[in-house]
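The values are calculated or read from the model by the stated rules, or taken from the named source; none is laboratory data. What you see is a predicted model, and the numbers here were worked out from it, not measured in a lab. Quick reminder, even Gly has a Cβ in these numbers, built from the backbone with ideal geometry, and neighbours come from all protein chains shown. With ligands, DNA and RNA removed, areas are computed over all heavy atoms of the protein, side chains included. Shrake-Rupley method; radii C 1.70, N 1.55, O 1.52, S 1.80 Å.
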Amino acid sequence: MTYIPHSLQERDAMLETIGVKKLEDLFPDVPAKHRFPKLDLPPALTEMEAAAELADIAASNENVRGDLVSFLGAGMYNHYIPSVVDHMLRRGEFYTAYTPYQPEISQGTLQAIFEYQSLIAALTGMEVSNASHYDGATATAEAVNLAYAQFRGKRKKVILSPAVHPHYRAVLRTYTQGMELEVTGDDPGADMRSGPEALMSLFDENTPLVIVQYPDFLGRVYDYTKLIEAAHAQGALVCVVTNPTALGLLKTPGEMGADIVVGEGQPLGIPMWYGGPSLGFFATRKSFVHKMAGRLVGETVDNRGQRAYVLTLTAREQHIKRERATSNICTNQGLLALASAVYLSVVGKSGLRQVAELCYHKAHYAAEQLDKIKGFKVTHKEPFFHEFTLTCPKPAAEVNAHLLEHGILGGYDLGQDYPALKDHLLIAVTEMNTKEEIDALVEVLSEADHD
């Protein structure tokens, strides 16, 4: 579309309509000293000078590819990414493609999404997956929208486990503003260290949805089968937020009876970047497909009998009539969903299980060794996958500062989100951590105890 600027007459007419005299009157909240053209910009640089300056700035950043050994997780994990993932993403057909609304010229993009959906459905044990959301937090909030639509807004009490990722819970509460929903279970007085049994007493006939995490934010692994049965007995749906890598080894939420499975797709072939971008996966049962937000690609045949792919089942209102849509999310993270599809295709079922087993065994070795250090203790005795909580003899921030001096990126300071877990670190171990690195972590923490 050719850019057609407004004429001076059109601009004056718009300003008059909204009741201001000149364009500058639209920016009273911007301090005058910072308004254009007084932006206080540095002198212009040549391309060569700008590239050199940016490289110098970037060099000050430490990363986990050579500068630091990472034991930090809490939703974003350092996994190995096969080189073929990046090579596929950089193909022009995928890298420049935007939207698959015109299926006759978007078959490659649509097939890639279809393959991604198929892989996510198989991984989670569910019947259908959408084309992805922006991130795990968004996908979790969209589960509430689905349940709200399923019960036509008549059920008002969403049960949210306090052991769900705190960022996900914050996004969910932002989403539900104005929906006249009561979100309970993670109230300030709730004990995040309690198990799923504590939530079951909260279910009633006014509950549309129960949300739990598997493994939960503290790393613990629970079988939610009984909880799901109890929720279903009250007519409620259950959403399980899950780590996709763990599903290479553990029982799937689908096997437990979950209605919706969501999570962060970053572990599936996506770098940690600076905390994003990533993708949120969303899988559910066929019976809820018309209430599911986002795109859905289906496979069919064209008028010549050839295999073809189309956007399907989602209502047209989802895209063009905001007042009738179940969500304002109708797009997807296409390029990053492709990354996850390539990753899962390359590692395969046995490869993903091998990654999960490496994470599991290395994490348990680390926990066993750290538990032996005087003053440090593995907090919880429940089963865990590749993250666990470590009680420290001094403030967690001090422990992390000591580790950083030795080139180690320590665990997540749980006291930031859970005051009751002050001086606790959430330690994450992946297949990328060698035995030597784990032993170095133990050695440095042993020194910290004697400082």
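Considering only the stretch 58-99, state which residues are outside any helix (DSSP H, G or I) and charged (D, E, K, R). Steps first, answer last, please.
Residues of the stretch 58-99 that are outside any helix (DSSP H, G or I), as a first pass: 60-82, 90-91, 96-99.
Of everything in the stretch 58-99, those that are outside any helix (DSSP H, G or I) and charged (D, E, K, R) turn out to be GLU62, ARG65, ASP67, ARG90, ARG91.
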> Got a number for residues in the stretch 163-197 being in contact with a Phe, Trp or Tyr (Cβ under 8 Å, 6 or more places away or on another chain) and under 25 Å from LYS422 (Cβ atoms)?
Replying inline: 7
>> So the check is Cβ under 6 Å with 6+ separation or different chains; which pairs have a first residue in the stretch 57-68 that's more than 14 Å from TYR274 (Cα to Cα) and at pLDDT 90 or above and a second one that's part of a loop (DSSP other than H, G, I, E, B) and open to solvent by 90 Å² or more (accessible area, probe 1.4 Å)?
In response: LEU68/GLU62
> Which of the residues spanning the stretch 413-439 are open to solvent by less than 40 Å² (accessible area, probe 1.4 Å) and touching a residue at least 60 places away in the same chain (Cβ under 8 Å)?
Replying inline: LEU414, TYR418, LEU421, LEU426, ILE427, ALA428, VAL429, THR430, GLU431, ASN433, ILE438
> Hey, any hits in the stretch 243-261 for a residue that's hydroxyl-bearing (Ser, Thr, Tyr) and more than 20 Å from SER278 (Cα to Cα)?
Replying inline: yes
>> Which of the numbered conditions does TYR77 fail, given that it passes all the others? Conditions: (1) farther than 30 Å from ALA283 by Cβ; (2) open to solvent by less than 60 Å² (accessible area, probe 1.4 Å); (3) modelled with pLDDT of 95 or more; (4) among the hydroxyl-bearing types (Ser, Thr, Tyr).
In response: (1)
> When you scan the stretch 224-325 for strands (runs of 3 or more DSSP E) that lie fully inside it, which ones turn up with 2 or more residues that are surrounded by 19 or more Cβ atoms within 10 Å (Cβ to Cβ) and in contact (Cβ under 8 Å) with a residue 24 or more places away in the chain?
Replying inline: 237-242, 260-264, 280-284, 307-311
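Counting only residues that are closer than 27 Å to ARG65 by Cα and either free of Cβ contacts under 8 Å to residues at least 60 places away in the same chain or in a helix (DSSP H, G or I) (or both), how many does the stretch 393-412 have? Give the steps one after another, and end with the answer.
Taking the stretch 393-412 and keeping what is closer than 27 Å to ARG65 by Cα, we get 396-412.
Next, from what is left, pick out any that are either free of Cβ contacts under 8 Å to residues at least 60 places away in the same chain or in a helix (DSSP H, G or I) (or both): 396-406.
Residues flagged as closer than 27 Å to ARG65 by Cα and either free of Cβ contacts under 8 Å to residues at least 60 places away in the same chain or in a helix (DSSP H, G or I) (or both) within the stretch 393-412 amount to 11.
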> Is one or more of the residues making up the stretch 103-124 out of contact with any Phe, Trp or Tyr (no Cβ under 6 Å at 6 or more places or on another chain), of a type outside the set (Val, Ile, Thr) and under 30 Å from ASN206 (Cβ atoms)?
Replying inline: no
>> Looking at the stretch 176-193, I want the residues that are touching a residue at least 40 places away in the same chain (Cβ under 8 Å) and have a partner that is buried (at least 16 other Cβ atoms within 10 Å of the Cβ) with Cβ atoms under 6 Å, at least 6 apart or on another chain. Which pairs are those?
In response: MET192/PRO162; MET192/ALA163; MET192/TYR418
> Quick one: is VAL128 closer than 16 Å to TYR309 by Cα and either touching a residue at least 60 places away in the same chain (Cβ under 8 Å) or touching a strand residue (DSSP E or B) at 6+ places or on another chain (Cβ under 6 Å) (or both)?
Replying inline: yes
>> Being modelled with pLDDT of 95 or more, open to solvent by less than 10 Å² (accessible area, probe 1.4 Å) and more than 25 Å from LEU352 (Cα to Cα): is that true of LEU409 here?
In response: no
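Considering only the stretch 201-214, state which residues are in contact with a helix residue (DSSP H, G or I) (Cβ under 6 Å, 6 or more places away or on another chain) and either among the charged types (D, E, K, R) or open to solvent by 10 Å² or more (accessible area, probe 1.4 Å) (or both).
Going through the stretch 201-214, the residues in contact with a helix residue (DSSP H, G or I) (Cβ under 6 Å, 6 or more places away or on another chain) turn out to be 203, 208-210.
Answer for the stretch 201-214, where residues must be in contact with a helix residue (DSSP H, G or I) (Cβ under 6 Å, 6 or more places away or on another chain) and either among the charged types (D, E, K, R) or open to solvent by 10 Å² or more (accessible area, probe 1.4 Å) (or both): just PHE203.
What about ASP67, is it open to solvent by 70 Å² or more (accessible area, probe 1.4 Å) and over 30 Å from THR331 (Cα atoms)? Steps first, please.
Numbers: open to solvent by 70 Å² or more (accessible area, probe 1.4 Å): yes; over 30 Å from THR331 (Cα atoms): yes.
Against the criterion (open to solvent by 70 Å² or more (accessible area, probe 1.4 Å) and over 30 Å from THR331 (Cα atoms)), ASP67 qualifies.
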>> Could you go through the stretch 377-386 and let me know if any residue there is open to solvent by 30 Å² or more (accessible area, probe 1.4 Å), modelled with pLDDT under 90 and in contact with an Asp or Glu (Cβ under 9 Å, 6 or more places away or on another chain).
In response: no
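Could you check the stretch 413-449 and list, in sequence order, the residues that are assigned to a strand (DSSP E or B) and over 16 Å from ALA363 (Cβ atoms)? Even if it seems obvious, please write down each step before you answer.
We begin by selecting, within the stretch 413-449, every residue assigned to a strand (DSSP E or B); these are 413, 424-428.
Passing the criteria: ASP413, HIS424.
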> Taking the stretch 351-368 as the region of interest, how many residues are in contact (Cβ under 8 Å) with a residue 60 or more places away in the chain, more than 11 Å from VAL429 (Cβ to Cβ) and open to solvent by less than 70 Å² (accessible area, probe 1.4 Å)?
Replying inline: 4
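Check whether at least one residue in the stretch 153-171 is more than 30 Å from GLY415 (Cβ to Cβ) and open to solvent by less than 50 Å² (accessible area, probe 1.4 Å), and report yes or no. Steps first, answer last, please.
First, the residues of the stretch 153-171 that are more than 30 Å from GLY415 (Cβ to Cβ): 153-156.
Imposing the further condition that a residue be open to solvent by less than 50 Å² (accessible area, probe 1.4 Å) reduces the set to 153, 155.
Yes, the stretch 153-171 contains a residue that is more than 30 Å from GLY415 (Cβ to Cβ) and open to solvent by less than 50 Å² (accessible area, probe 1.4 Å).
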